[in-house]
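Single-structure report; data block below.
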Amino acid sequence: MKILKKHLLVSHYYIILAGLFLFTPVKAQDARFTVVLDAGHGGHDPGAMSSGSREKDINLAVVLDLGSIIEQKFKDVKVVYTRKTDKYLTLQERADVVNDHHADLFICIHTNASLSPAAYGAETFTLGLAKTKANLDVAMRENSVILLEEDYRTKYKGFDPKSIDSYIMFEFMQDKYIDRSVEFSSIIQKQFVNCQRTDRGVRQAGFWVLHRSACPSVLVELGFITNPPEERYLTSERGQKELATAVFNAFVDYKRAHDKKSGHKISSVSKIDQKLKDRDPEVKQSDTPVVTVQKHDIDTILKQNKNKTPVLTPKQLSQTPVFKVQLFVSTKNTKPKTGEFKGVKDTEYFEENGLNKYTVGLDSDYSKIVKIRKEIIRKFPNAFIIAFVGDKKIPVREALKLIK
């Protein structure tokens with residue numbers, strides 16, 4: 001009997017060894033770097049909206065572009081999507097996807113919104129205590145999707161996305177992934193600058209979906225859907241591909257650093273060159289162009305150009321295109337001496353679609369207005385050129401054709 005038991009034990013031992021031998025290679029083969037891509041919102045949750053555009057659509061388009069590039073370029077990376085269609089997921093369900101796949105990196109894509117149509121630029125968030133009201137507002141808005149769920153207080157352990165008190169919990173959290181999250185966020189912002197996006201920096205705030213994801217995690221706010229020029233950029237195929245490429249280039253750098261630290265073979269995948277020289281002027285309106293700022297005083301420049309501008313008769317003005325630099329947009333009638341003008345004098349405004357649009361400069365010579373814009377860009381990074389014929393606003397390209 002003892003011999004039989006011993007024989008059975010030995011048999012079981014060899015069966016276990018055989019199982020390990022057979023299944024270990026399969027497991028090793030699947031042990032690829034895993035990145036989870038999350039397109040924020042979806043389904044009956046549209047996210048931020050403006051002029052018929054929906055955040056959920058922008059987020060999904062960028063995520064699908066980003067995922068497609070990673071899949072094509074990296075054979076050693078597994079890409080997992082929280083959604084690839086227009087469907088609704090709770091924040092916890094998104095975090096569950098990350099944890100169930102033992103992700104190495106989590107990239108959450110969102111589109112920003114603001115009560116001010118003048119707000120613009122891209123920013124990347126990591127988990128942490130919101131240091132400013134602006135950061136807290138973003139977190140509250142993104143966490144508010146919790147309210148669409150039944151019994152959300154129980155599911156989210158009493159967390160109330162509308163209560164400031166609920167966010168105090170993030171002050172005492174020790175996130176072991178924070179350093180790598182900040183590292184990746186910084187690389188993303190650098191790539192946004194490289195493709196001429198306005199850099200709003202790396203920020204921290206209490207995002208539930210990041211809190212519940214057990215890996216380095218970032219939440220990217222691509223730009224402001226409430227800023228008309230940025231909305232056009234965000235909803236354009238070109239804009240979405242540029243943004244996806246910028247995040248991909250950041251992923252290339254992060255993955256290379258990860259391989260080096262982990263002792264793995266360092267990836268040979270190269271970043272994609274963002275060729276921006278032929279960018280459409282309409283797209284540039286939403287971004288900060290790379291310019292060399294001269295040290296002239298803007299008011300002096302305006303005065304010099306004003307003195308050189310030929311005086312046009314009323315008839316000539318009604319037929320000749322003139323150019324201006326638009327500084328910002330406001331829903332209210334802003335007084336010239338307020339801080340919003342940043343010391344710039346001789347400003348004007350016109351009304352369009354219920355908004356007051358403030359401008360500086362007036363010249364039929366396009367090159368002079370370009371010079372003014374270059375000088376003023378340090379104070380108003382989102383300033384762009386507009387054109388009029390008489391009282392009618394026309395596209396700059398049409399105006400330029402008329403003066404040729």
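Observations, loosely collected:
- Cβ-based exposure ranking for MET140, MET49, in which fewest neighbours within 10 Å come first: MET49, MET140
- 5 angstrom amide H check on LYS78, placed H, neighbours 5+ away: PHE33, THR34, VAL35
- Among 263-274, 221-232, the order from most to least packed when residues are scored by Cβ within 10 Å on average: 221-232, 263-274
- Straight-line reach from LYS393: taking Cα to Cα under 16 Å and skipping same-chain neighbours fewer than 8 places apart, the aspartates and glutamates in range are GLU282, GLU348, GLU351, GLU352, ASP363.
- Per-residue Cβ neighbour rank within 10 angstrom, fewest leading, LYS87, LYS261: LYS261, LYS87
- For the stretch 56-205, the ratio of Cα radius of gyration to the globular rule of thumb 2.2 N^0.38 Å stands at 1.10.
- Whole-Hz couplings from phi, Karplus 6.51/-1.76/1.60, listed for the stretch 241-246; x for Gly and Pro: 5, 5, 5, 4, 5, 4
- Entries in LYS87/LYS255; LYS133/LYS345; LYS73/LYS133; LYS84/LYS176 that, when Cα-Cα distance is taken, lie over 32 Å: LYS73/LYS133
- Quick note on the stretch 28-283: its Rg to Rh ratio, both from C-alpha atoms and Rh being the Kirkwood radius, is 0.94.
Taken together, the values in this text are just the output of simple stated rules run on the coordinates, not laboratory data. Fair warning: this is a prediction, and the values are worked out from it, not measured in the lab. Cβ sites come from the backbone with ideal geometry, for glycine too, and all protein chains shown count toward neighbours.
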